[in-house]
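Accompanying notes for the structure given below.
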Amino acid sequence: MPKWEYEREWLDWEEGMQLSVAELIPPLPSSGSLLQMSGHEGVLSLQKELKDDKIQYGSNNNNNLNGGNEAAASEFVVPLPDYELMANVRGELAKRLHGYAVDSCNEHKASSLNQHQQQQHRHSLPVMGITVATDTPTNNYLRRLLYTIDFDAVGSIVITWYDEQTESQLEGNEGDRLSHTIILNALEEFIVQKKFVEILWDDPAQQRQQLYNKVQMADVSSMKLMSKMATSVHQYCRYNSDDAHRNNGHNPSSCQNELIILRFSTNLGCSSGVNNPLFLHPRAPHWLIVNYDIAYPPGVLNAMGTELQKTLLSKPDLAVHTFGYIYGRGKIENPWSNFVMTSCAVAKAGIWDENIFPAYYEDDDFRDRIRYIMGEWVDVIGHDVFRNIPHKLMNDTHLIRYQTDRSVAVAHGPLSATTYLSGTHEALKEEPEEENHGIVEWLFAAKAKKAKKKKIQQKDPYYYEKERWNIYKEVADGERYFRCKHGALPDPGKHGEDSLRYFSWHERFIQPFVNRTRLTKLKERMTGRSAEIGRGLDVFSDDPLPWSLWSFNATRRKCVHEATNKLLAMPPSEEKTETISKFKESCSVC
């Protein structure tokens with residue numbers, strides 16, 4: 001096939017897929033329709049909760065932030081949650097999940113020996129997890145995603161909503177353009193249009209009925225634990241028309257699909273959003289994790305479920321199955337926007353590290369932990385670099401499958417996208433600063449910069465969200481945490497699919513943060529230095545278990561949160577830049 005014809009064929013297919021997604025999305029409802037939806041039975045409790053949810057600013061908090069200047073600081077404050085409580089609760093959830101995941105993994109591996117004994121679920125993708133913190137009227141990504149979900153393939157949908165609001169976010173801005181309203185409207189419309197009915201998850205009578213559901217419902221004990229730290233927990237059921245009429249739409253034993261909305265008053269990060277659906281559905285055999293800027297062409301979710309089942313039969317140790325995008329043309333630029341995690345991954349490699357927040361590098365951490373714990377180091381003869389020297393390379397093909405077939409390709413970012421674009425990054429990225437060319441501009445650079453920021457803030461209703469996100473991300477410094485934990489070096493890899501390179505056998509840390517590899521261990525033994533301490537235990541042992549351990553560093557979380565509140569109240573200046581650097585050091589564990 002000539003190159004131009006090959007290119008034309010790809011373009012035609014891409015345009016056809018983009019059009020198929022667009023046709024699933026109805027026009028935005030009118031303001032009158034939105035008002036009518038807000039009075040629907042399914043969203044009344046959510047509306048009441050949001051109306052009554054008044055943000056309080058403690059005077060002690062303000063004094064700590066800005067030297068007693070409460071008026072200047074309070075408008076930038078996102079209230080500090082109880083991170084210690086959060087650490088305890090999430091630790092308990094992680095412990096419960098691990099126990100169930102071990103059992104689920106063992107059952108799957110036993111049944112995989114005989115295809116006819118495979119447990120059949122009504123939904124090939126029993127649980128879908130979505131995390132959303134920001135959205136715009138231009139994109140409306142969450143609304144788009146929700147309208148493309150196939151209820152025959154997906155059983156339960158768990159949405160983690162980071163709903164940060166402060167006085168500064170609302171003052172002087174158009175309320176209907178803020179993320180809060182965009183996300184709320186999308187949720188309300190989804191609940192009403194798809195005929196979801198709210199159920200009382202903590203009602204004992206409802207709990208007894210869950211044994212007979214047509215969908216795998218969230219674990220009640222996990223819901224109770226989650227409610228201790230979430231601002232709210234809402235559970236909905238979707239019924240078919242016959243069951244809804246016969247049972248007045250409120251009998252959970254006839255629930256066809258489940259929707260859970262977890263609302264948090266602060267951004268806990270991508271890792272927490274990934275873990276939440278796992279925590280609420282600990283008995284699930286696998287979980288589909290999806291970015292809010294994904295959209296599914298017709299039939300793709302069913303195809304994904306079918307392909308997953310085939311892969312599980314051929315690869316019983318499968319940890320992750322990830323799927324490509326419409327624009328990829330056979331390659332995946334970033335495989336962590338639409339992927340399935342299995343119970344075997346949780347049982348052996350653990351869950352996502354919530355100490356890497358708010359975003360970026362948590363996916364690299366999870367991928368490498370899978371390789372360290374479950375992967376195989378294979379003896380090979382190297383190519384030109386190693387000449388004929390024996391060398392060990394990582395084999396993870398039985399653990400991670402990157403599938404780029406057209407049948408499972410999804411939309412990501414703008415429908416017209418030709419490359420990977422993060423929805424959150426594009427919405428919240430900082431605009432590049434203009435260079436100063438004149439002496440006057442140089443002399444008054446700080447003052448001009450402050451004035452420009454104020455002008456942008458008045459024009460851009462998302463200014464505050466962008467500013468908070470970028471400061472929060474910079475102070476948390478997920479990249480530094482990752483490199484300190486793993487000892488990683490940047491390298492995109494031969495095919496560009498990995499943002500960080502594979503570690504060779506001698507280079508990876510034997511345990512997290514120990515700054516010791518097999519090579520350093522060998523050198524210490526050759527020079528007579530011993531790595532043994534205490535009762536003769538080798539702290540550099542080959543036991544991979546430490547990599548799978550989970551923790552939630554409440555002290556670091558609190559440090560980053562308070563630093564962000566303080567920095568947002570500071571005008572652009574050299575002092576602010578220096579303060580950011582100091583906080584990056586003081587909030588770091590390295």
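The values are calculated or read from the model by the stated rules, or taken from the named source; none is laboratory data. Computed from a predicted model, the values in this text were never measured in an experiment. So basically every Cβ, Gly included, is an ideal-geometry build from the backbone, and we count neighbours across all protein chains shown. Side chains included, ligands, DNA and RNA excluded: accessible areas come from the protein's heavy atoms. Shrake-Rupley method; radii C 1.70, N 1.55, O 1.52, S 1.80 Å.
Please give the contour-minus-distance gain from Thr181 to Leu549: 0.36 nm per residue of separation, less the Cα-Cα distance, rounded to one decimal in nm.
128.7 nm
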Exercise. Length gain on complete extension for the stretch Thr311 to Ala22, per 0.36 nm per residue less the alpha carbon to alpha carbon distance?
Worked result: 101.0 nm
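Please work out whether region 326-379 counts as rounded, prolate or oblate from its C-alpha gyration tensor, where a ≥ b ≥ c are the square roots of the eigenvalues and a/c under 1.5 means rounded, while otherwise a/b larger than b/c means prolate and anything else oblate? If you can, show how the numbers build up before the last one.
Values: a/c = 1.79, a/b = 1.20, b/c = 1.49.
Oblate shape, in that a/c is at least 1.5 and b/c is the bigger or equal ratio.
For Asn106 and Glu9, FRET efficiency with R0 = 56 Å and r from the beta-carbon atoms, rounded to 0.05? Walk me through the intermediate numbers first.
Numbers: r = 46 Å, r/R0 = 0.82.
Computed FRET efficiency for Glu9 and Asn106 comes out at 0.75.
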For this session: State in Å² the accessible area per residue of region 281-365; use a 1.4 Å probe, count heavy atoms of protein chains only, and round to the nearest integer.
Result: 23 Å²
For this session: Using the Karplus curve 6.51 cos²θ - 1.76 cosθ + 1.60 with θ = phi - 60°, work out ³J(HN,Hα) for each residue of region 556-571 in order, rounded to whole Hz, and write x for Gly and Pro.
Result: 5, 4, 5, 4, 5, 5, 5, 5, 4, 4, 5, 5, 5, 7, 9, x
Exercise. If amide H atoms are built 1.01 Å from N in the plane of the peptide, which residues on other chains or at least 5 residues away come under 5 Å of the amide H of Ala359?
Worked result: Cys270
Seminar exercise, completed: Row for region 285-333, column shape: gyration tensor on C-alpha, a ≥ b ≥ c, rounded if a/c < 1.5 i.e. under 1.5, prolate if a/b over b/c, else oblate; value prolate
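Tell me, in nm to one decimal, what length is gained between Thr577 and Val378 on full extension, where the rule is 0.36 nm per residue of separation less the Cα-Cα distance? Write down the numbers at each step before the final one.
Values: separation 199, 0.36 × 199 = 71.64 nm, distance 4.71 nm.
That pair, Thr577 and Val378, stretches by 66.9 nm at full extension.
Roughly how big is region 257-400's charge dipole about its Cα centre, with Cβ charges of +1 (Lys, Arg) and -1 (Asp, Glu), in debye to the nearest 20? Spell out each step's value before the answer.
On the way: 12 positive and 16 negative charges, 61 e Å.
It works out to roughly 300 debye.
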Seminar exercise, completed: Too long for a 29 Å Cα-Cα cut-off, among Lys466/Lys558; Lys195/Lys348; Lys315/Lys473; Lys348/Lys584; Lys348/Lys466; Lys95/Lys584, are Lys195/Lys348; Lys315/Lys473; Lys348/Lys584; Lys348/Lys466; Lys95/Lys584
Problem set entry | Rounded to whole Hz, the Karplus (6.51, -1.76, 1.60) HN-Hα couplings of region 269-278, x for glycine and proline | x, 4, 4, 5, x, 5, 6, 4, x, 5
